[in-house]
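A.B. asks: Dropping the structure in here first, questions after.
The values are calculated or read from the model by the stated rules, or taken from the named source; none is laboratory data. For clarity, every value in this text was computed on a predicted model and none was experimentally measured. Cβ placement follows ideal geometry from the backbone for every residue including glycine, while neighbour counts extend to all protein chains displayed. Just so you know, the surface numbers come from the protein's heavy atoms only, side chains and all, with ligands and any DNA or RNA stripped out. Shrake-Rupley method; radii C 1.70, N 1.55, O 1.52, S 1.80 Å.
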Amino acid sequence: MKMLEVRNLKKSFGDVQVLDGVSFSVERGEAVAVIGPSGGGKSTMLRCMIGLERADGGDILIEGEPLMENGVYVPDRRMRKVSAKMGMVFQAFNLFPHMTVLDNLTAAPIAVRGMTKKDALEQARERLHEVGLSEKAGVYPRALSGGQKQRVAIARALMMQPDMLLFDEPTSSLDPQLTAEVLAVMKKLVAKRMTMIVVTHEMGFAREAADKVLFMCDREIVEQGTTSEVFDHPKDPRIRDFISSIL
Amino acid sequence: MAQMLFDIAVLLSDGVKYTLGIFVVTIIGSMPLGLLLTFLRMNKSRVSRGVTGFFVYIMRGTPLLLQLYFIYYGLPFIPGMKNVIVLDRLPAAMLAFVLNYSAYFCEIFRGGMLSIDPGQYEAARVLGFSKKQTLLQIILPQMLRVSLPSIANEAITLVKDTALVTVIGVTEILYFAKATVNRQANFTAYAVAALFYLFFNYLMTKLFDYLERKYDF
């Protein structure tokens with residue numbers, strides 16, 4: 001079964017249309033990179049998929065269960081349940097500044113999933129170890145570098161054991177060195193066959209790590225395919241223009 | 001001299017329980033009420049926003065002294081209220097203070113809410129927190145931290161504002177100081193009263209310094 005299926009997604013902000021009939025699907029264990037010029041609708045598409053924005057039309061199915069059908073979202077309760085299968089990592093990290101790193105990780109599993117504090121702490125320490133930040137468990141986010149914050153944010157998203165992770169430009173506010181440490185963590189997830197959709201400007205990551213690339217431009221997906229199809233044999237001239245513009 | 005200051009302090013100390021009583025009741029009453037007003041004032045409903053906005057305007061736009069007079073002397077003159085709302089001095093003073101301070105706390109908390117990054121709500125949502133959990137665990141702790149310096153300001157102002165209730169005859173510190181000054185024909189009692197207020201505000205300052213350090217994240 002498809003992990004995610006999006007059909008004919010449409011979205012406008014007032015008079016400005018940002019998505020005009022976007023369709024694609026993601027298989028379980030697939031890593032999908034979404035690339036394209038700014039303002040092409042990449043982030044909006046991602047945000048519609050997890051209910052942070054409301055699309056105006058189309059269908060969104062998560063593991064076969066509808067989040068939106070014919071432009072109508074399911075009721076909020078149902079929506080929370082369906083979208084709980086997804087985790088999300090933001091460009092601005094959005095860690096909770098009043099909580100230590102450890103509390104950032106354990107708060108949601110305890111409050112939302114009813115996990116015991118002991119189990120949550122145990123799991124949180126494992127996740128922190130995986131992202132290489134065991135020694136930062138007790139500090140507040142303010143004391144972390146951007147790269148460390150984003151690794152904590154990834155660990156926090158993983159605490160909810162999502163079937164799929166959405167990344168919204170996870171390295172766009174980081175310098176190259178910090179970008180590399182975040183990408184390293186993301187590559188580990190790819191190696192573990194975590195289903196991921198990554199909106200990114202990191203062409204290197206898209207090329208090396210993604211199973212599939214979506215190129216979005218002018219409100220739609222212009223091209224989708226394997227990395228070699230999109231990068232080496234692009235059919236649409238806009239892709240060539242875009243890739244040459246950022247190299 | 002020391003004996004005289006001590007005697008005055010003993011005289012004034014009869015008023016301390018009223019000063020403290022009004023302070024404590026105002027804080028306990030006006031902060032939750034202020035928070036409720038904040039939510040109503042930030043509500044989607046225009047009626048809710050309009051009504052709370054008007055309340056805040058009245059409470060901040062007229063003197064607290066006038067509000068004291070109005071609630072103690074004025075309410076019974078409203079037709080039909082004569083036997084319904086007749087408050088004693090102390091409850092009238094407390095009601096006026098709670099209403100007045102709740103308007104200020106409403107605006108302080110609203111400012112705190114506006115300072116919170118929308119990304120906090122989004123992160124909470126994608127992690128599955130309910131609206132109530134988001135408010136209690138994510139938003140309120142940050143809002144209160146941001147508001148802490150302004151809350152300290154209000155608390156210190158409140159210590160001094162309690163002196164206003166002397167005008168409707170509540171027997172707090174200043175009431176006794178005035179009586180003592182009149183009897184002794186000497187201003188020393190006012191100086192002692194000043195020391196009482198300074199002492200309470202010293203404690204306030206220390207308390208809020210501690211809270212700001214404790215919740216420094």
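Residue by residue, here is whether (1) open to solvent by 50 Å² or more (accessible area, probe 1.4 Å); (2) in contact with a helix residue (DSSP H, G or I) (Cβ under 6 Å, 6 or more places away or on another chain); (3) more than 30 Å from B:TYR73 (Cβ to Cβ) holds:
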| position | (1), (2), (3) |
| --- | --- |
| B:LYS132 | yes, no, yes |
| B:MET143 | no, yes, yes |
| B:VAL146 | yes, yes, yes |
| B:PRO149 | yes, no, yes |
| B:THR162 | no, yes, no |
| B:GLY169 | no, yes, no |
| B:THR180 | no, yes, no |
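A.B. asks: Hey, another quick one. Give me the helices (runs of 4 or more DSSP H) completely within the stretch B:1-114, filtered to those with at least 2 residues that are free of Cβ contacts under 8 Å to residues at least 12 places away in the same chain, over 25 Å from B:ALA193 (Cα atoms) and within 21 Å of the chain's Cα centre (by Cα), ordered by residue number.
C.D. replies: Once the helices (runs of 4 or more DSSP H) in the stretch B:1-114 are filtered for at least 2 residues that are free of Cβ contacts under 8 Å to residues at least 12 places away in the same chain, over 25 Å from B:ALA193 (Cα atoms) and within 21 Å of the chain's Cα centre (by Cα), what remains is B:2-41, B:46-61.
A.B. asks: Could you pull out the residue among A:ALA206, A:ALA191, A:ALA180, A:ALA184 that is small (Gly, Ala, Ser), farther than 26 Å from B:GLY119 by Cβ and at pLDDT 90 or above?
C.D. replies: A:ALA191
A.B. asks: Need the failing condition index for A:VAL139 against (1) among the β-branched types (Val, Ile, Thr); (2) in contact with a Phe, Trp or Tyr (Cβ under 7 Å, 6 or more places away or on another chain); (3) surrounded by fewer than 20 Cβ atoms within 10 Å (Cβ to Cβ), just the number.
C.D. replies: With (1) among the β-branched types (Val, Ile, Thr); (2) in contact with a Phe, Trp or Tyr (Cβ under 7 Å, 6 or more places away or on another chain); (3) surrounded by fewer than 20 Cβ atoms within 10 Å (Cβ to Cβ) applied to A:VAL139, the lone miss is (2).
A.B. asks: Also: Against the conditions (1) surrounded by fewer than 17 Cβ atoms within 10 Å (Cβ to Cβ); (2) of a type in the set (A, V, I, L, M, F, W, C); (3) on the phi < 0 side of the Ramachandran plot, where does B:VAL192 fall short? Just the number, please.
C.D. replies: (1)
A.B. asks: Still on this structure: Can you find even one residue in the stretch A:3-17 that is open to solvent by less than 30 Å² (accessible area, probe 1.4 Å) and in contact with a Lys or Arg (Cβ under 6 Å, 6 or more places away or on another chain)?
C.D. replies: Within the stretch A:3-17 (the criterion being open to solvent by less than 30 Å² (accessible area, probe 1.4 Å) and in contact with a Lys or Arg (Cβ under 6 Å, 6 or more places away or on another chain)), the answer is yes, since at least one residue qualifies.
A.B. asks: Related question: Kindly establish whether A:ALA111 is without any contact (Cβ under 8 Å) to a residue 12 or more places away in the chain and either within 27 Å of B:LEU211 (Cβ to Cβ) or away from chain B (no Cβ under 13 Å) (or both).
C.D. replies: Taking the combined requirement at face value, the residue satisfies it.
A.B. asks: Please verify whether B:SER48 is open to solvent by 50 Å² or more (accessible area, probe 1.4 Å) and of a type in the set (S, T, N, Q), treating the condition exactly as stated.
C.D. replies: Judged against the criteria, B:SER48 is not a match.
A.B. asks: Enumerate the pairs (first residue in the stretch B:146-169 and over 22 Å from B:ALA193 (Cβ atoms); second residue anywhere and open to solvent by less than 30 Å² (accessible area, probe 1.4 Å) and not hydrophobic (A, V, I, L, M, F, W, C)) with beta-carbon separation below 7 Å, excluding pairs fewer than 6 apart on the same chain, so at least 6 apart or on different chains.
C.D. replies: B:VAL146/B:GLY112; B:SER147/B:GLY112
A.B. asks: Given the options A:GLY40, A:GLY58, name the one that is over 30 Å from A:ARG142 (Cα atoms), more than 10 Å from every other protein chain (Cβ to nearest Cβ) and part of a loop (DSSP other than H, G, I, E, B).
C.D. replies: Answer to the check: A:GLY40.
A.B. asks: Sort out which residues of the stretch A:78-91 are more than 12 Å from A:SER172 (Cβ to Cβ), open to solvent by 10 Å² or more (accessible area, probe 1.4 Å) and more than 7 Å from every other protein chain (Cβ to nearest Cβ), and write them in order of number.
C.D. replies: Result: A:ARG78, A:LYS81, A:SER83, A:LYS85.
A.B. asks: For B:THR134, state whether it is part of a helix (DSSP H, G or I), of a type in the set (S, T, N, Q) and under 22 Å from the mean Cα position of the chain (by Cα).
C.D. replies: No.
A.B. asks: So how many residues does the stretch A:92-108 have that are more than 9 Å from chain B (Cβ to nearest Cβ) and farther than 15 Å from B:LEU136 by Cα?
C.D. replies: Number of matching residues: 4.
A.B. asks: Kindly indicate the residue of the stretch A:115-160 that is assigned to a loop (DSSP other than H, G, I, E, B) and within 11 Å of chain B (Cβ to nearest Cβ) and also farthest from the chain's Cα centre (by Cα) among those meeting that condition.
C.D. replies: Here the residue is A:VAL139.
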